[in-house]
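Single-structure report; data block below.
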Number of protein chains: 2
Amino acid sequence: MTDAAHMKQVVENYIKAISTENLDMIREIYADNGTVEDPVGTPQHEGIDAILKFYGAIKGLGVKLELTGAVRCAGNAAAFPFKAKIGPTTMEVIDVFEFNEAGKVTSMRAYWGAENRY
Amino acid sequence: MTDAAHMKQVVENYIKAISTENLDMIREIYADNGTVEDPVGTPQHEGIDAILKFYGAIKGLGVKLELTGAVRCAGNAAAFPFKAKIGPTTMEVIDVFEFNEAGKVTSMRAYWGAENRY
């Protein structure tokens, strides 16, 4: 369940889940013991409850994600570049997902900084 | 030495170093105890000697790298999307660099798979 086709589908689901504020889809993507570090260098959100709380904060913001390049799959991981539009603000981000054997995301790390927001 | 401006400069140097087959520039980028995992999921090259041996293999291949999006800097890391042209082949890759306090790369992980080569 960590073949490239599965990982790409999960990435597509993630883009859609965020853009439609669908927390049930987010729940499906992550392992129960998953972690989210967004952006890299800040404290991790550990476990599905903390993860859903983190994503719950986007409710009502109208965030729209759009892939800006190919999903790169390697080993048990997928990295992908995208733009996030939040109101008048655009951010350029690269996310890295790591998957377990069940095909669930165990680690998400988001790379972006102040200079990627405009 | 892990500020965004420094990390972006190192990424630019890396793109140039590979595209001009300049191993001295590569040597400057990495920490002595650095590691390279390219692609992710394959055995790491550990230490500067192994790293230089790895990059030495590109000599004469005429590899050309081109950034295809913003360098994303977060914490002590930088992630960037690029295309690698090797003869008639193009590959879409995302690299993640992690830096030490001296501003040298301690970890490089390259995300790409068969479906990113065409």
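Just so you know, all these numbers are worked out from the coordinates, no wet-lab data involved. The model shown is predicted, which means the values in this text are computed figures rather than measured ones. Cβ atoms come from the backbone with ideal geometry, glycine included; neighbour counts cover every protein chain shown.
Here are a few things to note about the model shown:
- Residue that is surrounded by the most Cβ atoms within 10 Å (Cβ to Cβ), among those in region A:99-111 that are more than 9 Å from chain B (Cβ to nearest Cβ) and part of a strand (DSSP E or B): A:Val105
- Among the residues making up region A:66-81, none is among the aromatic types (Phe, Trp, Tyr) and surrounded by fewer than 24 Cβ atoms within 10 Å (Cβ to Cβ).
- Residues of region A:78-112 classified as of a type in the set (Ser, Thr, Tyr) and within 24 Å of B:Asp38 (Cα to Cα), total: 3
- Filter result (free of Cβ contacts under 8 Å to residues at least 60 places away in the same chain, assigned to a strand (DSSP E or B) and not hydrophobic (A, V, I, L, M, F, W, C)) within region A:33-68: A:His45, A:Glu46, A:Lys64, A:Glu66
- Within region B:1-59, being crowded, with 17+ Cβ neighbours inside 10 Å and basic (Lys, Arg) holds for one residue alone: B:Lys8.
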